[in-house]
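Engineer: Below is one structure. I have some questions about it.
The values are calculated or read from the model by the stated rules, or taken from the named source; none is laboratory data. Keep in mind that this is a model prediction, so the values were computed, not measured. Glycine gets a Cβ as well: all are built from the backbone with ideal geometry, and neighbour counts include every protein chain shown. Accessible surface is based on the protein model in full, side chains and every heavy atom, while ligands, DNA and RNA are left aside. Shrake-Rupley method; radii C 1.70, N 1.55, O 1.52, S 1.80 Å.
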Amino acid sequence: MLSTVIPPLVLTLFNFTVTFEWIDYINTTETNNTNIMKTAIVKAFGTEAPDADLKQMDITRREVLEKDVEIDILFCGVCHSDLHTARNEWHGTVYPNVPGHEIVGRISKVGDKVTQFKVGDLAAVGCMVDSCRECEQCRKGSEQYCEKGNIQTYNGHDRHLNKQTFGGYSERIVVDEDFVLRVPENLDLAATAPLLCAGVTTWSPLKHWNVGEGHKVGIVGIGGLGHMGVKLAKARGAHVVVITTSPSKVEDAKRLGADEVILSTDKEQMKAHTNTLNFILDCVSADHDLNAYMRLLKVDGTLALVGAPEHPLPVAAFSLIPGRKSLAGSTIGSIKETQEMLDFCGQHNIVSDIELIKIQDINQAYERLLKGDVKYRFVIDMKSLKG
Ligand SMILES: [Zn+2]
Ligand SMILES: [Zn+2]
């Protein structure tokens, strides 16, 4: 009797275990399966290989979940990171790749539990679309430093569709409302797009190091980042000193708001500004001599890197020790900081200097970007993708 009872029991237990794991697997698959989750085909511009041009393609986006908003993209800025990622220069690009993380548009759909936005609102998305929400950094509102890594707007891992995220070179995007920004109505929309990366990347360190009235701040390099750094530091009340290698940028730096301009190639000018700056925002992504810039800092001054040169930059200990100086870095900004920056730009009427392009001109724009031939940000008019 016993022998006939035991085998079914074991079998049942065994079956239960197997079934349990199987159900678990099915559930995971359900949330990650594009066939089960409602999705839509969206027109985009992207690339299929590091050495291929960007071209029109179709991508899959999820339909709005209860906390999602869908944004019809009006403008998308062109950041140097787009080019680095499209060409796999930082490695780890998953293809196809659709870049773009300076996104401005209008909300076309909202999920049932969305509370902060409604259809028709202007909205923006920057460099990240999600994070773990549980780690120390996420809990204190520094999602950009999520200990598990924030989910990047493109080439990140979309946990809903279980594939790579696709950026703003597309008709529309679906994002959890917690990672969506409000856009001041008074700003030029196309020129607002670059605030979502270049703006907040320079704002966050200026805010973190309390740069403002009574401070002398150096901005090294006038490009997409640097030109926003000048505008924002000036509007925060600081005395702004631009440090550039290009004599051709002196007048433009002043137009952007610089109080003084130093040509870094002129030793006398550099010497005259020794020990004068409280803070330096270094926006240069080419190799350069940090020691020369550290000499410009006062005691307790900080140089923060936001540009990312390819090779390590040597720093002499005696560039730091005698003046108790700090060398630091900073990446993008939190959602809260991004909103603060956008609101601040609305109040002070600050936008980026841009050149508006059609999506069909993106490959030529990348070539010009490589030569620094843009003042100071390309922005794609996304109407061109619809047309
Ligand atoms: Zn960027
Ligand atoms: Zn986290």
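Engineer: Please report, ordered by residue number, every helix of the chain (full DSSP H runs) that is 30 Å or longer along its axis going by C-alpha atoms and whose mean Kyte-Doolittle hydropathy reaches -1.0.
Structural biologist: 2-32
Engineer: With the dipole of the chain worked out from charges on the C-beta (+1 for Lys and Arg, -1 for Asp and Glu) around the Cα centre, which of 347, 44, 83 lies farthest toward the positive end?
Structural biologist: Looking along the dipole axis, the top candidate is 347.
Engineer: Taking the Cα centre of segment 54-192 as origin and charging only Cβ (+1 Lys, Arg; -1 Asp, Glu), how large is the dipole, in debye to the nearest 20?
Structural biologist: Values: 17 positive and 23 negative charges, 40 e Å.
With Lys and Arg at +1 and Asp and Glu at -1, about 200 debye.
Engineer: Can you send over the solvent-accessible area of residue 159, 1.4 Å probe, protein chains only, in Å² to the nearest 10?
Structural biologist: Surface accessible to solvent at residue 159 totals approximately 130 Å².
Engineer: Further question: With n ≥ 4 as the cut-off for DSSP H runs, can you work out [θ] at 222 nm for the chain, using -39500 (n - 2.57) per run divided by the number of residues, rounded to the nearest 500?
Structural biologist: So the helix-based figure for the chain works out to -8500 deg cm²/dmol.
Engineer: Would you mind computing the Rg to Rh ratio of segment 71-157 from its alpha-carbon coordinates, Kirkwood style for Rh?
Structural biologist: 1.01
Engineer: For a label point 7 angstrom out from the Cα of residue 90 toward its Cβ, which stretches of segment 50-82 have the backbone nitrogen within less than 11 Å?
Structural biologist: Within reach of a label on residue 90, which here means backbone N under 11 Å from a point 7 Å along Cα→Cβ, segment 50-82 contributes 80-82.
Engineer: Using modelled amide H (1.01 Å from N, peptide plane; none on Pro or chain starts), what sits under 5 Å from the amide H of residue 328, excluding residues fewer than 5 places away?
Structural biologist: Amide H to amide H, under 5 Å and 5 or more residues apart or across chains, residue 328 pairs with 303, 304, 305.
Engineer: Right, another one. How long is the gain from residue 53 to residue 118 if the chain were fully straight, where each residue apart is worth 0.36 nm and the alpha carbon distance is subtracted?
Structural biologist: Extra length from residue 53 to residue 118 when fully extended: 19.7 nm.
Engineer: Let me know the shape class of segment 201-322, please: from the alpha-carbon gyration tensor, a ≥ b ≥ c as square roots of the eigenvalues, rounded when a/c is under 1.5, otherwise prolate if a/b is greater than b/c, or oblate.
Structural biologist: It is rounded, given that a/c, with a ≥ b ≥ c, falls under 1.5.
Engineer: Subtracting the Cα-Cα distance from 0.36 nm times the residue separation, let me have the gained length for residue 355 to residue 336 in nm, one decimal.
Structural biologist: 4.0 nm
Engineer: Can you send over the solvent-accessible area of residue 348, 1.4 Å probe, protein chains only, in Å² to the nearest 10?
Structural biologist: About 90 Å², rounded to the nearest 10.
Engineer: Something else: How high is the relative contact order of the chain, given as a whole-number percent (alpha carbon pairs under 8 Å, six or more residues apart)? Provide the component values of the computation, followed by the final result.
Structural biologist: Details: 835 pairs, mean separation 62.5, N = 387.
The value is 16 percent.
Engineer: Mind listing the phi-derived Karplus ³J(HN,Hα) values for segment 308-317, rounded to whole Hz, using 6.51, -1.76 and 1.60 with θ = phi - 60°, and x for any glycine or proline?
Structural biologist: 10, x, 5, 9, x, 9, x, 10, 6, 4
Engineer: Still on this structure, please answer the following. Do any GluC sites (Glu not before Pro) in segment 255-321 lie in a DSSP loop with no more than 14 other beta carbon atoms within 10 Å, and if so, which?
Structural biologist: 310
Engineer: I've got another one for you. Among the lysines, which fall within straight-line cross-link reach of residue 267, defined as a Cα-Cα distance under 19 Å, with same-chain neighbours fewer than 8 residues apart omitted?
Structural biologist: 249, 298
Engineer: Here's a follow-up. Between their Cα atoms, which of 336/375; 325/375; 55/113; 148/383; 109/231 are more than 31 Å away from each other?
Structural biologist: Among 336/375; 325/375; 55/113; 148/383; 109/231, the Cα-Cα distance tops 31 Å for 325/375; 55/113; 148/383; 109/231.
Engineer: Label-point separation (nm) for residue 208 and residue 300, each offset 7 Å from Cα along Cα-to-Cβ?
Structural biologist: 1.9
Engineer: May I pose another question? If r is the Cβ-Cβ distance from residue 269 to residue 347 and R0 is 30 Å, what FRET efficiency results, to the nearest 0.05?
Structural biologist: Using R0 = 30 Å, I get an efficiency of 0.30.
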